[in-house]
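A.B. asks: A single structure is presented below for examination.
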């Protein structure tokens, strides 16, 4: 069995368990913790996710690779590849999200809104903590949770991101400017790639 076949089988089995977890426990931190544990187990063998399958872009930029997605666009699993200096400003997801590490360190900063969200386009954020995602650990987010990510690793980072709904179907995500106190709809990701064979 090739590495790709082994990965496909392991991913299919993991996603099957993730579906059952959500169906049995719903969407809450305890359930997402169980999903995180499944993804950590999936990534225990890094050889299933060789860097060569998930390269940065030709111009040296970050990339997202779709590994698995149900026909109804649920339970979407991606490899997110961060080039050196990758940074994504504070944002929510509007669906549950779980991130686990494979290669490298990714700093996650957590935020909460301190305004009442009544004024369109306006938001006040307070940073509440941080966590470094690396191989063997992960973070979980409910739909309204807010985080920012960055990496300073000289080598590209590779992490698995799983969402309750596919990235290119999340039309109401918000991205925040903490200094400017603004919130706006986040651009839909349209450049999702297929892992390299």
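A.B. asks: Just checking, does region 96-104 include any residue being surrounded by fewer than 17 Cβ atoms within 10 Å (Cβ to Cβ), at pLDDT 95 or above and assigned to a loop (DSSP other than H, G, I, E, B)?
C.D. replies: no
A.B. asks: State which residue pairs qualify: first residue at negative phi and without any contact (Cβ under 8 Å) to a residue 24 or more places away in the chain and inside region 49-61, second residue part of a loop (DSSP other than H, G, I, E, B) and surrounded by 12 or more Cβ atoms within 10 Å (Cβ to Cβ) in any location, beta carbons under 6 Å apart, and separation of 6 or more residues or different chains.
C.D. replies: 61/83
A.B. asks: Out of 111, 65, 75, I need the residue that is surrounded by 14 or more Cβ atoms within 10 Å (Cβ to Cβ), out of contact with any strand residue (DSSP E or B) (no Cβ under 6 Å at 6 or more places or on another chain), in contact (Cβ under 8 Å) with a residue 12 or more places away in the chain and part of a strand (DSSP E or B). Which one?
C.D. replies: Testing whether each residue is surrounded by 14 or more Cβ atoms within 10 Å (Cβ to Cβ), out of contact with any strand residue (DSSP E or B) (no Cβ under 6 Å at 6 or more places or on another chain), in contact (Cβ under 8 Å) with a residue 12 or more places away in the chain and part of a strand (DSSP E or B) leaves just 75.
A.B. asks: Separate question: What's the number of the condition residue 37 fails, among (1) under 16 Å from residue 161 (Cα atoms); (2) touching a residue at least 12 places away in the same chain (Cβ under 8 Å)?
C.D. replies: (2)
A.B. asks: While we're on this one: Across region 12-49, which residue is nearest to residue 157 (Cα to Cα) among those that are part of a loop (DSSP other than H, G, I, E, B) and over 18 Å from the mean Cα position of the chain (by Cα)?
C.D. replies: So, considering only residues that are part of a loop (DSSP other than H, G, I, E, B) and over 18 Å from the mean Cα position of the chain (by Cα), the one nearest to residue 157 (Cα to Cα) is 45.
A.B. asks: Only one of 190, 157, 194 is surrounded by 13 or more Cβ atoms within 10 Å (Cβ to Cβ) and either within 18 Å of residue 54 (Cα to Cα) or touching a helix residue (DSSP H, G or I) at 6+ places or on another chain (Cβ under 7 Å) (or both). Can you tell me which?
C.D. replies: Among 190, 157, 194, only 157 is surrounded by 13 or more Cβ atoms within 10 Å (Cβ to Cβ) and either within 18 Å of residue 54 (Cα to Cα) or touching a helix residue (DSSP H, G or I) at 6+ places or on another chain (Cβ under 7 Å) (or both).
A.B. asks: Sticking with this structure for a sec: Would it be correct to say that residue 83 is surrounded by 15 or more Cβ atoms within 10 Å (Cβ to Cβ) and either on the phi > 0 side of the Ramachandran plot or out of contact with any helix residue (DSSP H, G or I) (no Cβ under 6 Å at 6 or more places or on another chain) (or both)?
C.D. replies: Yes.
A.B. asks: Taking residue 145, is it over 15 Å from the mean Cα position of the chain (by Cα) and either free of Cβ contacts under 8 Å to residues at least 40 places away in the same chain or surrounded by fewer than 20 Cβ atoms within 10 Å (Cβ to Cβ) (or both)?
C.D. replies: Taking the combined requirement at face value, the residue does not satisfy it.
The values are calculated or read from the model by the stated rules, or taken from the named source; none is laboratory data. Fair warning: this is a prediction, and the values are worked out from it, not measured in the lab. Methodologically, a virtual Cβ is constructed for each residue, glycine included, from the backbone with ideal geometry; neighbour enumeration extends over all protein chains shown.
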